[in-house]
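Report on one structure; see the data block that follows.
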Amino acid sequence: MQRPSYGQSPPLHHPVPQHVSTVPQLRSPPPPTSQPHSQGYDGSPYQQQQPRVASGGGNMFGQYGNMINDPAAQLASQFGQTAFKQGQEYLEQNVSRFISVSSLKHYFNVTNFYVINKLYLVLFPWRHKPWSRKQAVGPNGQEGWYLPPRDDINSPDMYIPVMSFVTYIFLQTLIAGLRGNFQPELFGYIATTALVVVIVEILGLKLGCYLLSISNESQLLDLVAYSGYKFVGVIVTISVAEIANAGKGTGGWIGWTVFFYTFLANSLFLMRSLKYVLLPENNSDNRAPMQTMQTESRAKRNQRTQFLFFYSYVVQLFFMWILSRP
């Protein structure tokens, strides 16, 4: 059977691109050629640009580094250094009028052994002896100056009072936070109250010493140091009462018992320690009659003893009660 013949199909034509695009051929970089060292070639196929060096002598910070060499900047730096030195000298001169820096360093010359024993002495002073301070022996065999706290347990220091003062502030704010009454203003309020207590106490002591004609070279710093030991007893009272009373404050028989114990311990500690400050030896005029000298010396000593008792017990009771309140 013969197939029917159809017309022949036209030939196929492939599309011809109108715009010819050439794809760049990627080739590996040429091998490095030996070049002089002055060109700075380090094996990279690309030419490196040498960093521009400032005309000011090779400054690595560029144009910003020129400020160092700027005359105005140098003048400002010299002016700042001069002002700082003058301010430091002015501060040292004015502070030295009231407090000797070398004397103040004496009160911070402590050790861990001294701090532990001193805290034990402040809280348990009942059987401690002797209470007299030790003095260094001079080159002539005579007693000269008092030994620092690290060498004498009876010497007053500033380390324990300052740390107790700061600890008292944080302890009171911590307790307030545990009760849900914390506010940032509490730091300033508690610190101001404690500072006012210390200042009023020091002013009262200085007034009593002035009226009773009591003088001592290191009297002010010694009084400041001894006035700060009460914070040790206050911290113990607040801590024990807060734990024993389940967060109800220093009320209750446990809180009052701890308070009166720390108060009596601090009072006895001050009575024994302040003898050499408030009851110094009275060197009267040798030209006066012996009987008159003894009478005046006995009367002044009685007045000073009464003043020491009033300060150690009555004043401390009032101030420790204020500081122990929640």
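The values are calculated or read from the model by the stated rules, or taken from the named source; none is laboratory data. Small disclaimer: the values here were computed from a predicted structure and weren't measured. In this analysis, Cβ positions are derived from the backbone assuming ideal geometry, glycine residues included, and neighbour counts consider all displayed protein chains. Accessible surface is based on the protein model in full, side chains and every heavy atom, while ligands, DNA and RNA are left aside. Shrake-Rupley method; radii C 1.70, N 1.55, O 1.52, S 1.80 Å.
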query = Would segment 247-260 turn up any residue that is modelled with pLDDT of 90 or more and open to solvent by less than 60 Å² (accessible area, probe 1.4 Å)?
reply = yes
key: Filter result (at pLDDT 90 or above and of a type in the set (Asp, Glu)) within segment 199-226   = Glu201
request  = Could you grab the pairs with beta carbons closer than 6 Å, sequence gap of 6+ or different chains, first residue in segment 121-146 and in a loop (DSSP other than H, G, I, E, B), second one at pLDDT below 85?
outcome  = Arg133/Tyr146; Gly138/Gly144
request  = Could you list, in sequence order, all residues of segment 193-205 that are open to solvent by less than 80 Å² (accessible area, probe 1.4 Å) and of a type outside the set (Asp, Glu)?
outcome  = Thr193, Ala194, Val196, Val197, Val198, Val200, Ile202, Gly204, Leu205
query = Quick one: how many residues across segment 159-174 are farther than 19 Å from Val196 by Cβ and open to solvent by less than 30 Å² (accessible area, probe 1.4 Å)?
reply = 1
key: Positions within segment 78-120 being modelled with pLDDT under 75, among the β-branched types (Val, Ile, Thr) and in a helix (DSSP H, G or I), in sequence order   = Val95, Val101
ask   = Is it the case that some residue within segment 134-145 is modelled with pLDDT of 90 or more and either closer than 19 Å to Tyr226 by Cα or of a type in the set (Gly, Ala, Ser) (or both)?
value = no
